[in-house]
Amino acid sequence: PLGTGKWRVKQARYKLPTGSLGLGQIRSGGVPEVQTRLERRSAANTIKGVYNSPLNFDQASDFPAVSDPRYVAEDGGEVLVEDIALPFTNSKTMARRIATSWLRRKRQQRSIRWPATLAAGFRYEYGDAACVTLPLLPYTNKVFRIDGWEMTTESDGGGPPVPRVDLLLRETNPQAYQ
């Protein structure tokens, strides 16, 4: 659970959904904010970067860029490059595998800022997955990963502050982790 003061290490693998989010898990007066595509400056269709090569005395070395022609075509033929650093990776093959998974997850572009009830918000932590159902959109049990969690307070007039939880969700699927 969140707030316990403990660090957790999460695996970069697909997780089955642990619950569901629907209209009943939206706080009073809240409206989910849906973003269907990443901003152009955050988008990528090619991943390149560095890893620590034992052949280079554990100094940073470039690994070959990972790209998918389908993604480049979807972006109008423009190559959008993202640089990543993999300081705890010491194999070129593993660096390319990580970059391939990174690229596939990056192409999952739909995201939602979910104004959750406190009960729903405290149920999830970073990396969990949930099935989302929104009748206004064609989302029926669509799987999203919890990409972030924000707690704020807001006061209504002169009353005491009211805690609020927003879940930051990002679409996911098992193929992105292969």
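Remarks
- Which label in (1) 18.4; (2) 16.5; (3) 17.5 gives the computed Kirkwood radius over Cα pairs in Å: (1)
- Simple label model, 7 Å out from Cα along Cβ direction - Y126 to A60, nm: 2.2 nm
- Length-normalised contact order for the chain - Cα pairs under 8 Å, 6+ apart - percent: 27 percent
- Dipole magnitude (debye, nearest 20) for segment 88-178, charges at Cβ of Lys, Arg, Asp, Glu: 840 debye
- Taken about its Cα centre, segment 1-155 carries a charge dipole of about 480 debye when Lys and Arg each add +1 at the Cβ and Asp and Glu each add -1 at the Cβ.
- Potential lengthening between K10 and V34 on full extension [0.36 nm per residue; Cα-Cα distance subtracted]: 6.1 nm
- With all protein chains in place and a 1.4 Å probe, the accessible surface of the chain carries 54 percent carbon and sulfur.
- For D128, the residues whose modelled amide H falls within less than 5 Å of its own, excluding neighbours fewer than 5 places apart on the same chain, are I146.
- Per residue, the average separation of C-alpha pairs within less than 8 Å and at least 6 apart gives segment 89-178 a relative contact order of 34 percent.
- Separation of the T153 and V79 label points, Cα + 7 Å toward Cβ, nm: 5.2 nm
- Dipole of segment 33-135, positive end: most advanced residue of Q109, V81, S61 [Cβ charges, Cα centre]: Q109
- Per-residue [θ]222 nm for the chain (sum of -39500 (n - 2.57) over DSSP H runs n ≥ 4, rounded to 500): -4500 deg cm²/dmol
- In a reduced charge model with +1 at each Lys and Arg Cβ and -1 at each Asp and Glu Cβ, segment 9-62 shows a dipole moment near 220 debye about its Cα centre.
- The residues of the chain present an accessible area of 62 Å² per residue when probed at 1.4 Å with all protein chains retained.
- Crossing angle, helix 92-106 versus the chain [Cα axis fit, 0-90 degrees, rounded to tens]: 30 degrees
- Peptide packing for 94-105, 17-28, 50-61 was compared via the average number of neighbouring C-beta atoms within 10 Å per residue; ordered from the highest value, the list is 94-105, 17-28, 50-61.
The values are calculated or read from the model by the stated rules, or taken from the named source; none is laboratory data. Bear in mind that the values here come from a model prediction, so they are computed numbers and not experimental data. Note: ideal-geometry Cβ built from the backbone for every residue, glycine included; neighbour counts use all protein chains shown. Side chains are part of the model used for accessible areas, which takes the heavy atoms of the whole protein and leaves out ligands, DNA and RNA. Shrake-Rupley method; radii C 1.70, N 1.55, O 1.52, S 1.80 Å.
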